[in-house]
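The block underneath contains the structure these notes are about, expressed in structure tokens.
The values are calculated or read from the model by the stated rules, or taken from the named source; none is laboratory data. From a predicted model like this one, the values you see are computed outputs, not experimental measurements. Note: ideal-geometry Cβ built from the backbone for every residue, glycine included; neighbour counts use all protein chains shown.
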Amino acid sequence: MPSGEEMGKEDFDRVFCPRGVAVVGASSHPSKFGFIFYYGLKSSGAPVYPVNSREGEVLGDRAYPTVDAIPHPVDYAVISIPASSVPKVIEDCGRKGVKAVSIYAAGYGEEGTEEGRRRERELAETARRSGVRVIGPNCIGVYCPKGRLSFFAGLPLLEGDVAFLSQSGGHAEEFAYKAENWGIGFSKIVSFGNSCDVTCEELLEYLEEDPETRIIGIYVEGSRNGRRFFEVLRRTAAKKPVVVWKGGETEAGAKAVASHTGFVSGSAQVWRAAVRQAGAIPVEDFEEMADVISALRLLPLPRGRRVAVVGAGGGAGVASTDACERNGLKVAPLQEETVEKLRKVVPSPGTSVRNPVDLSYFVLFDFSLMEECVRILAADPGVDMLIAHVSHLDMMMKALSGPEEEVLRVLARVREDMRAFPEKPLAVVLALESDFEVQRRKVEVRERLVKSGMCVFPTTARAARALSHLAFLREVRERRARGGASPGS
């Protein structure tokens, strides 16, 4: 249960953009987490102060014996000391006027022991008396590029419009580190661990009204108040896209959840159905979450589920058709007018102008075929979305001199062409598997495409899955506009 009154928007704002941060347990010894947290915040440029009664100096900065001895405003504290010493620090933070603390230490409810649960109750009670809110325990706290808050050194501080709430510290750190590969920047990330006080629901309510957040991702292992979770989720998803990744969906995963955060994991089918009923998007893993959030950032919502695929070879076209259909998309039959236009630009033999459109090996030496075909397909009124498969790039790189620039130029024109079809998303598929040198060059192409605002996937299956989620969200919004319920499955 929360330990005190819920934080107001201004209090949360202070935590995300603090005047000062105290690291309790800060250390000059690299073998301690107090060093890792302090070094990370110092490296990111946060206004950070070390607290350690045994070290007079940490990384060249004066250390203070207690939080309330710091002669500067402190709004947020990171606590990295044994659980038994935490209550006294909470009291010090209360005297200092600290708004919230995050607690890295484990040894609480996740242990599944009466002693661990007792520690967690004592922590919550001390926080309530002291007027301090607790994020965690068993978490890594807050990441906010605007406030120069970083979990660890080396994480990018790319500001953006995506927020991520994670019961797992590892997933929070991983998303902060990898998200730039998907063109994702963050407004805020919160690792909330056991959530003995500040809950996922409370954080979600804050993000619902946060003007810096446009899209919200959540990794959750369970909720102590499922009814409230889904009420808040439904209300938030009516305003902003919310993507929910539920951990512990298998029997073995549920056991891992119990030992990780002490939560009881519910039925996977019930959770996914409830998330969809709330109008949010359920996903199964990290890659799916990142793919969907990238698509939400970069692509419009389609009017329907009819897809056209271009660029894949014969066998790849069959595989693409299967991937699309498995993910609830319909490989659209093309109008005869569209087919005739394609026949005029696609060489034969060995190609196909039926959907999927097979450009065979001709695209090796004339990549502009891709642009012409995309333009023709996008104009077909029976097509709601497109997948452009950049096939044979490996061969192009080995057979030609510097084909990357031509590919990038053509796809830049494709991106501009698609502006004429504002409700038809275009996903680009660029497989990265190859020998080391070619893969390195393809990674550079992908990075440049993402930075230019194109949504890029490594497989057609992942592109189809993300596009299907976009179609679902469009269906949710249309149902809401008609006054109906969200689709349940």
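Just need a number here: residues in the range 281-313 that are without any contact (Cβ under 8 Å) to a residue 60 or more places away in the chain and touching a helix residue (DSSP H, G or I) at 6+ places or on another chain (Cβ under 8 Å).
Final tally of qualifying residues: 1.
If we keep just the residues of the range 203-225 that are out of contact with any Phe, Trp or Tyr (no Cβ under 9 Å at 6 or more places or on another chain) and farther than 20 Å from Ser294 by Cα, which is surrounded by the most Cβ atoms within 10 Å (Cβ to Cβ)?
Glu205
Looking at (1) assigned by TED's automatic domain parsing to the domain that holds Phe230; (2) at pLDDT 95 or above; (3) among the hydrophobic types (A, V, I, L, M, F, W, C), find the lone condition where Cys196 falls short.
(2)
Can you work out which of the residues in the range 418-451 that are over 21 Å from the mean Cα position of the chain (by Cα), in contact (Cβ under 8 Å) with a residue 24 or more places away in the chain and within 17 Å of Pro302 (Cβ to Cβ) is surrounded by the fewest Cβ atoms within 10 Å (Cβ to Cβ)?
Per the stated criteria, the residue is Pro422.
Within the range 436-446, does at least one residue satisfy the condition of being farther than 19 Å from Val374 by Cα and not in a helix (DSSP H, G or I)?
The answer is no; no qualifying residue exists.
Residues Arg129, Arg148, Arg133: which one is surrounded by fewer than 24 Cβ atoms within 10 Å (Cβ to Cβ), closer than 15 Å to Val101 by Cβ and basic (Lys, Arg)?
Going through Arg129, Arg148, Arg133 in turn, the sole match is Arg129.
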